[in-house]
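Below: the structure, in structure tokens.
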Amino acid sequence: MTAMSNRFRQAGKRIAFVPTMGFLHEGHLTLMKEGRRLADKLVISIFVNPTQFGPGEDFSAYPRDFEKDCALADDNGVDIVFTPDAQDLYPKGFDTYIHQERLPGHLCGLSRQGHFNGVMTIVAKLFNIVAPHFAIFGEKDFQQLAVIRRMTKDLNFNIEIVGHPTVREPDGLAMSSRNTKLNSDQRDAALSLITSLRNAKGSIKNKQTDSNQLINDAIELIGSHPETEIDYIKICDPETLDDVSTIDRPVLMALAVRVGETRLIDNIILTPDS
Ligand code: AMP
């Protein structure tokens, strides 16, 4: 991979990179499209990274379909699909992880201890191997994007981080590889995530500025669906991820909900008077 990257760079080509865990869907394909628009060469990685899954999480059950992913990559103008082996990336004796002080202490970082250390470590390794000019990440994983932006700045990676809006199913459900795990009742229940975020947007239009009220409305709606278990629903500052109690500026409303066995996340930016 690095040799090919060097060749591209020597030929004056700009490289865009989209890291993924595979089981590609329209959300991933949209990031790839953005990559093709930005650069001459498009590299994606497919790697289900063991270090970002905690004990009891769905590492082994994570959906995988390598052949279909390659066909999709082919159809979507990807130049290189990089599919490293876990043994190559984490050989015997591997002992170095990236830690960030503040951002991981919010939202998903609280219930997924060590998750962002794993994410930052793999992304830093992939950045070093692929040496892209641009790396594109989805806003669906808003905290991940924030953590990566911070890491890129703090560790002086010479890479432009590009965020892309969440791609949704026609009914609003945020696309996710994990959606395929939902049965039809769970699929209906999962829709309550985006419905509650959109309701919050509606309440803001009606001049509601109290975060607790919006959060309670969301808890009530999501909780009224069977098989839902709320991990968190937060309204916070989009930069620091610190809680915001009165919505007097653009804020992030983010949530994580278990539907059956499947943990789903979603978020929206709420802007007063919008
Ligand atoms: P994953 O394969 O789930 O690790 O995701 C790989 C990249 O695709 C990450 O940057 C995600 O934020 C992004 N992504 C996943 N789902 C979506 C979506 N529905 N819309 C936009 N980006 C997404």
Hey, could you check the stretch 7-30 for residues that are near the ligand (Cβ under 8 Å from one of its atoms) and open to solvent by less than 20 Å² (accessible area, probe 1.4 Å) and say which is farthest from Ala86 (Cα to Cα)?
Gly27
Being open to solvent by 70 Å² or more (accessible area, probe 1.4 Å) and more than 16 Å from the ligand (Cβ to nearest atom) narrows Gln213, Gln208 down to just Gln213
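Matching residues to (1) of a type in the set (A, V, I, L, M, F, W, C); (2) under 10 Å from the mean Cα position of the chain (by Cα); (3) under 23 Å from Asp58 (Cα atoms):
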| residue | (1), (2), (3) |
| --- | --- |
| Ile136 | yes, no, no |
| Val147 | yes, no, yes |
| Met151 | yes, no, no |
| Leu155 | yes, no, no |
| Ile161 | yes, no, no |
| Arg168 | no, no, yes |
| Gly172 | no, no, no |
| Met175 | yes, no, yes |
Restricted to the stretch 169-205 and to residues being free of Cβ contacts under 8 Å to residues at least 24 places away in the same chain and part of a loop (DSSP other than H, G, I, E, B), the residue least open to solvent (accessible area, probe 1.4 Å) is Leu173
In the stretch 231-268, the residues that are in contact with a Leu (Cβ under 9 Å, 6 or more places away or on another chain), among the β-branched types (Val, Ile, Thr) and surrounded by fewer than 16 Cβ atoms within 10 Å (Cβ to Cβ):
Thr240
Just need a number here: residues in the stretch 118-150 that are part of a helix (DSSP H, G or I), within 14 Å of the ligand (Cβ to nearest atom) and open to solvent by less than 30 Å² (accessible area, probe 1.4 Å).
12
Among residues of the stretch 57-67, those that are open to solvent by less than 30 Å² (accessible area, probe 1.4 Å) and either of a type in the set (Asp, Glu) or more than 18 Å from the chain's Cα centre (by Cα) (or both), counted
0
Condition (residue is touching a Lys or Arg at 6+ places or on another chain (Cβ under 7 Å), within 22 Å of Ile44 (Cβ to Cβ) and open to solvent by less than 60 Å² (accessible area, probe 1.4 Å)) applied to the stretch 82-94: is it met by at least one residue?
yes
With the requirement that a residue be of a type in the set (A, V, I, L, M, F, W, C), touching an Asp or Glu at 6+ places or on another chain (Cβ under 8 Å) and closer than 16 Å to Pro63 by Cα, what does the stretch 1-34 give you?
Phe23, Leu24
For the stretch 239-274, give me the residue count where each residue is without any contact (Cβ under 8 Å) to a residue 40 or more places away in the chain and not charged (D, E, K, R).
5
Those residues of the stretch 34-56 which are surrounded by 14 or more Cβ atoms within 10 Å (Cβ to Cβ), charged (D, E, K, R) and more than 11 Å from the ligand (Cβ to nearest atom), in sequence order:
Arg36, Asp40, Lys41
Residue that is acidic (Asp, Glu) and at positive phi, where the choices are Glu220, Glu227
Glu227
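The values are calculated or read from the model by the stated rules, or taken from the named source; none is laboratory data. None of the values given here were measured: they were computed from a predicted structure. Methodologically, a virtual Cβ is constructed for each residue, glycine included, from the backbone with ideal geometry; neighbour enumeration extends over all protein chains shown. The accessibility values were calculated without ligands, DNA or RNA, using every heavy atom of the protein model including side chains. Shrake-Rupley method; radii C 1.70, N 1.55, O 1.52, S 1.80 Å.
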